[in-house]
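Just below is one structure, and these are the notes that go with it.
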Amino acid sequence: MKPLSRRQFILAAATGLCSVSTGHARWSIFGEDASLKSDIQGTIFKNDAPASPWKWSKIAYYYKRMENGAVMCTLCPNRCRLSPGDRSVCRSRVNLKGKLFTLAYGNACSANIDPIEKKPLYHFMPSTTAFSIAAAGCNFRCLNCQNWEISQVRPEDVHHLDLFPEQVVQEAVKNECSTIAYTYSEPTTFYEYMIDTARIAHANGLKNVWISNGYINTEPLLALCRVLDGANVNIKTISDDIYRRLNGGRLKPVLDTFVTLHRQGVYFEMTHLVVPGYGDSDETVQRMCGWILEHLGPDHPLHFLRFFPSYRLNRLAPTPVNTLFRFRELAITEGIRYVYLGNIPGHEGNHTFCHECKKLLVERQGYRIAVFRIVDGRCRYCQTPIPGIWPLVQPDG
Ligand SMILES: [Zn+2]
């Protein structure tokens, strides 16, 4: 990553979000304690757009023109209002002469072949691989971001892989991946790149999965749903206050996303990272499960992930494993049928048990499937349908 220029530094400092990596040194201007108490909603970057479009620019699919050459991006709930020369909160959209451009089209900063289980997606094409891409940018400001080197920077500041949609699909086919995953950073910020790639992927018999914070407006989400086969969306908390303080977003639009995915029949799983001190109480988990059961039903798998110190919360301790064990039991007791624990190797929370007869159906060792007892989407023992997108052929194991 390039060092920030003086102007960029001032802009970043103005947002209260300046945390810069220069080699191995890392520092934060305002200190972590101050930031933890404030609302960390991102702000737009005034006069930070490049002078003209570049190779990876494309006119944005969702925006409104305003007076005096201003535009409003209508892709996500941030609804950035940008004057000519301004850059969006997510850093990947700019107003150039009265038009909104994405700077991330075909501009992948990361591309890997991952097990689908790594997303995590446990009930979706097990034992297959996903060609996984990201471009720089995020519409959130999570204090605990794992991927801040690519999520909290501009598309100009990362390594460019130069993978346009057709090339992404070619690479996925060449590497025998069943699925393309839009992941790592926040794929909503590279929406045009994602949806164009997804359409070509479908035409070539590949599936698409969206790994997201769910912070997107309903209209672009409905268009995306038509090319999605699966998703894993974070439910970071059930508290609007914590969304503001930990993530720099709001709760309601994320809940709306879950409801839209559910109504559109998109298969999805949910991930809840348990950050110590940010709503990690039994009462919060019960409320979260209550909302899920009321609005989405019991069948969408829920993953509790263990927090490890990262980014601006690098002084916090990891989530105690007993907390995760307790939350899993609580969620199962509340009525969620498939509840998993991430980042805890060897625990039964890695495995799938039939919600009806309780027998072990899928045993996972890391990302590898050791035992698989689902036949034609049903429990091998009691024939209960198991929610998910299951393969026609038996996975290894
Ligand atoms: Zn069964």
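The values are calculated or read from the model by the stated rules, or taken from the named source; none is laboratory data. All figures in this text were calculated on a predicted structure; none of them were measured in a lab. Here the Cβ positions follow ideal geometry from the backbone for every residue, glycine too, while neighbour counts run over all protein chains shown.
Looking across the stretch 56-66, just one residue is over 26 Å from the mean Cα position of the chain (by Cα) and in contact (Cβ under 8 Å) with a residue 24 or more places away in the chain, and that is Arg65.
Summed over the stretch 344-366, residues that are within 8 Å of the ligand (Cβ to nearest atom) and touching a residue at least 60 places away in the same chain (Cβ under 8 Å) total 0. Being surrounded by 16 or more Cβ atoms within 10 Å (Cβ to Cβ) and in contact with a Phe, Trp or Tyr (Cβ under 6 Å, 6 or more places away or on another chain) is the requirement here; does Val285 meet it? Considered against the rule, which asks whether it is surrounded by 16 or more Cβ atoms within 10 Å (Cβ to Cβ) and in contact with a Phe, Trp or Tyr (Cβ under 6 Å, 6 or more places away or on another chain), Val285 comes out as yes.
Evaluate the following for Leu341: is it surrounded by 17 or more Cβ atoms within 10 Å (Cβ to Cβ) and away from the ligand (no atom under 16 Å from the Cβ)? Considered against the rule, which asks whether it is surrounded by 17 or more Cβ atoms within 10 Å (Cβ to Cβ) and away from the ligand (no atom under 16 Å from the Cβ), Leu341 comes out as yes. Quick check: anything in the stretch 309-329 at pLDDT 95 or above and within 15 Å of the ligand (Cβ to nearest atom)? No, every residue in the stretch 309-329 fails to be at pLDDT 95 or above and within 15 Å of the ligand (Cβ to nearest atom).
The strands (runs of 3 or more DSSP E) falling completely within the stretch 211-308 that include 1 or more residues that are in contact (Cβ under 8 Å) with a residue 60 or more places away in the chain and among the small types (Gly, Ala, Ser) map to 230-234.
Just checking: which of the strands (runs of 3 or more DSSP E) contained wholly in the stretch 79-131 hold 3 or more residues that are free of Cβ contacts under 8 Å to residues at least 60 places away in the same chain, touching a Phe, Trp or Tyr at 6+ places or on another chain (Cβ under 6 Å) and surrounded by fewer than 21 Cβ atoms within 10 Å (Cβ to Cβ)? Don't jump to the end; show me each part of the working.
Values: elements: 93-96, 99-102, 110-115.
Here the list is empty.
Within the stretch 367-389, being at pLDDT 95 or above, of a type in the set (D, E, K, R) and either under 30 Å from the mean Cα position of the chain (by Cα) or within 7 Å of the ligand (Cβ to nearest atom) (or both) holds for Arg373, Arg378. The listed residues are Ala201, Ala136, and the only one of them that is at negative phi and assigned to a loop (DSSP other than H, G, I, E, B) turns out to be Ala136. Residue count for the stretch 129-163 satisfying the condition of being modelled with pLDDT under 95, polar (S, T, N, Q) and over 23 Å from Asp48 (Cα atoms): 2.
Name the residues in the stretch 385-397 that are surrounded by 15 or more Cβ atoms within 10 Å (Cβ to Cβ) and either polar (S, T, N, Q) or over 18 Å from Glu269 (Cα atoms) (or both), would you? Walk me through how you get there before you give the answer.
Filtering the stretch 385-397 down to residues surrounded by 15 or more Cβ atoms within 10 Å (Cβ to Cβ) leaves 386-391, 395, 397.
Passing the criteria: Pro395, Gly397.
Among the residues of the stretch 63-78, those that are over 15 Å from Gly137 (Cβ atoms) and not in a helix (DSSP H, G or I) comprise Tyr63, Lys64, Arg65, Met66, Ala70, Val71, Met72, Thr74, Pro77.
Residues of the stretch 151-170 that are more than 27 Å from Gly248 (Cα to Cα) and either touching a Leu at 6+ places or on another chain (Cβ under 7 Å) or buried (at least 24 other Cβ atoms within 10 Å of the Cβ) (or both): Val168, Val169.
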